[in-house]
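Please read the structure below before turning to the comments.
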Amino acid sequence: MSNPNPSPSAAPRWFAWLAVFALLVYGGFLGAYFTPVAGGSDSSGYLNAARLLARGQLTAPMRDYSGLTASSATQFQPLGFIAEPARQRLVPTYPLGLPAHLAIASTLFGWSIGPLLVGVGATLAAIVLMYAIARAWMIAWPLAAAGAVMLGIFPVTIFIAIQPLSDVLATTWVLAAIFAAHRARSSQRWAITTGVAFSIAIFVRPTNALIFPVIAVLLNIGWRPLIAAALGGLPGALLLLATNAHLFGSPWRMGYGSIFEAFDYAYFGPTILHFGKWLGLMLPALGLFFAVITFGLTRAALRARIALALWFFIPVIFYAYYEVSGQTWWCLRFILPAVPALILSALFTLDYFLAPHPRALRIASALLAFWGIGLSMFWTREFHTLLSKTYEQAYAELSQWSHDHLPANTVVLTNNDSGALYYYTSFPILRWDQMSAAEFTQHAAHLTRAGRPLHLIITEAEENHVLTQRVPASWGKITTVAQRSIWRYNGPATAP
């Protein structure tokens, strides 16, 4: 697949050395801000699952609640888990692709360095693959380099890259599958590699299956590559189906439950506008204009235009119906695997028109790269993205204090900190947000009879609502740690 321009010249040797240096510097920058902390639901969910895999387990046994029962299993589940009291186990909610990467890296390098290598390594690999795909599609090296820069410094990429989250890794494996599919024209081994990379991409994020039409278009060069790709992806597909069956009772079920309950036509219009707004603000807007032109370049390779259109529009349209996608700027992470297609479309158009004018092409490439860097610096500062390490470290600080100061047999009543507390401590978790005030009173009485201390951990902003309406009782405040207040249960609420 190529544009109609002659084969572009090779990049000069100095560029290769500059690129290696830039990647090392950027990797160091990301590493300095990376936080391998089990924090909110996503990061704690992935790290809890990774630790299970490192121990050779798929599920975790439920901790001791001294015979406590509840009307809803959700009261026993830390964030990132599904509780199954009948089977006395906790099942990880999230797909196991990222946890598998984390488990392997952390077993080899430790639980601080391992996640960092996965997060930063996936980001650098995505940048390299972005450049490689652009070059494979005969885009001039200055434009290819600019496109790699735009993807690497995209604010959403940075936001994900410095946390143990799956979106950049999902994007990297999509890029790997598409690069291999392009190379499959020359070798059956590349066709097999396409299937392997595609299956891993789905294992990391099941909705990456949406790029199957792109893979099919690129491999539509005969039946042999298609069969080879299918064989390459078969082991991964069987592993995914078997894992789903073991964990959720059906090969076709996942930990998210019926996610389609969160999809609705009403979300489409506002979310499309949301995507367009933030893509236009965080990427060079002129470049996005050129991306639109690509689909009208009738002299360009039809296969290229079809592949780029499918790659971008299918995930974007799919997630436009999802209620979460339009909530905030970083929800663009859901369509991050489609962003390379948008950038490549812009590069394709620029190369189409500027290839006969090398100087103009180099100037345009430099402008795109520096424009993207400027936007990234602005939005990264505006959104305090690099303060994620400070915010996430609070979870670890709270958990360490709890581990060191709370009684070993305590039961912890919490919500947003439940995944982190499960990861860093051995305390059983109860979710106050999943029970009524009457149910809490019954649970507290049961634990008191069993001789189990009960402690409440909430944010300072939640104190009035939680203490008076959700868990009314006689509470004694112990201390405040990392903007969370920690309370000891002293008995039922006293009559006024």
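For Tyr267, Tyr489, the sequence from fewest to most other C-beta atoms within 10 Å is Tyr267, Tyr489.
Calculated FRET efficiency, Thr468 and Ser71, Cβ-Cβ r, R0 22 Å, to nearest 0.05? Could you put the intermediate results ahead of the total?
Values: r = 22 Å, r/R0 = 1.02.
With a Förster radius of 22 Å, E is 0.50.
With the simple spin-label model, which puts each label point 7 Å out from Cα in the Cβ direction, the Gln400 to Thr243 separation comes to 3.1 nm.
Using r as the Cβ-Cβ distance of Ile104 and Gln442, and R0 as 45 Å, what FRET efficiency do you calculate, to the nearest 0.05? Working shown, then result.
Values: r = 44 Å, r/R0 = 0.97.
Using R0 = 45 Å, I get an efficiency of 0.55.
Here is what passes the span test in the chain: the DSSP H helices with alpha carbon length of 27 Å or more along the helix axis and a Kyte-Doolittle mean of 0.5 or above are 13-33, 113-136, 223-248, 358-382. For the chain, the Cβ-based charge dipole about the Cα centre amounts to some 1340 debye (Lys, Arg positive; Asp, Glu negative; other atoms uncharged).
Volume per residue, Å³, of the convex hull around the alpha-carbon atoms of the stretch 14-138?
134 Å³
Can you classify the stretch 106-148 as rounded, prolate or oblate using the Cα gyration tensor, where a ≥ b ≥ c are the square roots of its eigenvalues, rounded means a/c under 1.5, and otherwise it's prolate if a/b beats b/c and oblate if not?
Values: a/c = 6.60, a/b = 3.80, b/c = 1.74.
In terms of gyration-tensor shape, prolate.
Bridges between two residues of the chain, per DSSP, are antiparallel at a rate of about 75%. With neighbours defined as other Cβ atoms within 10 Å of a residue's Cβ, the residues His446, His357 order from fewest to most as His357, His446. Averaging the Cα positions of each part gives two centres, and for the stretch 379-457 and the stretch 265-342 these lie 39 Å apart. Sorting Arg362, Arg431, Arg13 from the fewest to the most surrounding beta carbons within 10 angstrom yields Arg13, Arg362, Arg431. If you wrap the tightest convex hull around every Cα atom of the chain and split its volume per residue, you get 154 Å³. Ranking Tyr267, Ala291, His246 by Cα position along the charge dipole of the stretch 191-319, where only Lys, Arg, Asp and Glu carry charges on their C-beta atoms, puts Ala291 farthest toward the positive end.
By how many nm would the segment from Leu281 to Arg185 lengthen if fully extended, with 0.36 nm per residue of separation less the alpha-carbon distance?
Once the chain is fully extended between Leu281 and Arg185, it gains 30.8 nm.
Test of understanding: express the Cα radius of gyration of the stretch 156-233 as a ratio to 2.2 N^0.38 Å, with N the residue count. Let's see the in-between values first.
Details: Rg = 12.9 Å, N = 78, 2.2 N^0.38 = 11.5 Å.
Compared with the compact-globule rule of thumb, the stretch 156-233 sits at 1.12.
Readers should treat all values here as calculations from the given coordinates under stated rules, not as data from a laboratory. Small disclaimer: the values here were computed from a predicted structure and weren't measured. Cβ: placed from backbone, ideal geometry, glycine included. Neighbour counts: every protein chain shown.
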